[in-house]
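Trainee: I'd like to ask some things about the structure below.
The values are calculated or read from the model by the stated rules, or taken from the named source; none is laboratory data. Quantities reported herein were computed from a predicted structural model and do not represent experimental measurements.
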Amino acid sequence: MNEEKLERILSKIGQTAVPPEAARIAELASRRFTATLNLPQPRFFSPLRLLAAAAVIAVAFVAGRWSIPSPSFNTATFTPAVSTRSPQLKNENSFWQQKAIAAMQPRPYAQSANFTNQLNAYKQYLKEKHYE
């Protein structure tokens, strides 16, 4: 369909007379819908509720600040800037060197994700469970 035919069809539909019963039903439905939209909405943010919310936030903030112990200057510690690395780390047979090499080795227990095998195993489990 092209636009001209569509416009002609729509203009014919717009010019047809509406039966009075249908017009009355539509008007009644429109009034009911308008009445439901005009219901008085409750005020959720009354000034008293806003004041109560602000008080709760202030009390929570103050309680949080009081729960933090104040710093004591008598227990201050000094961390030396000297390196604590041991010269033993340069050894090729050190503990951490062996850990790094072991981490890079392929794991025999690691399996690739083969969903068909897993699905078949689950189906077999269900058969055995239900004695099929």
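Trainee: Out of (1) of a type outside the set (Ser, Thr, Tyr); (2) part of a helix (DSSP H, G or I); (3) modelled with pLDDT under 60, the odd one out for Arg85 is which?
Mentor: Result: Arg85 passes all but (2).
Trainee: From the set of residues in region 94-132 that are among the aromatic types (Phe, Trp, Tyr) and part of a loop (DSSP other than H, G, I, E, B), which is modelled with the lowest pLDDT? I'd like the intermediate steps shown before the answer.
Mentor: So in region 94-132, the residues among the aromatic types (Phe, Trp, Tyr) come out as 95-96, 109, 115, 122, 125, 131.
From what is left, the residues that are part of a loop (DSSP other than H, G, I, E, B) are 109, 131.
Numbers: Tyr109: 65, Tyr131: 76.
Looking at residues that are among the aromatic types (Phe, Trp, Tyr) and part of a loop (DSSP other than H, G, I, E, B), I get Tyr109.
Trainee: Can you find a residue that is assigned to a helix (DSSP H, G or I), at pLDDT 85 or above and not charged (D, E, K, R) anywhere in region 34-41? Working first, answer last.
Mentor: Filtering region 34-41 for residues assigned to a helix (DSSP H, G or I) gives 34-37.
Subset that is at pLDDT 85 or above: 34.
Then drop every residue that is not not charged (D, E, K, R), which leaves 34.
For region 34-41, residues assigned to a helix (DSSP H, G or I), at pLDDT 85 or above and not charged (D, E, K, R): present.
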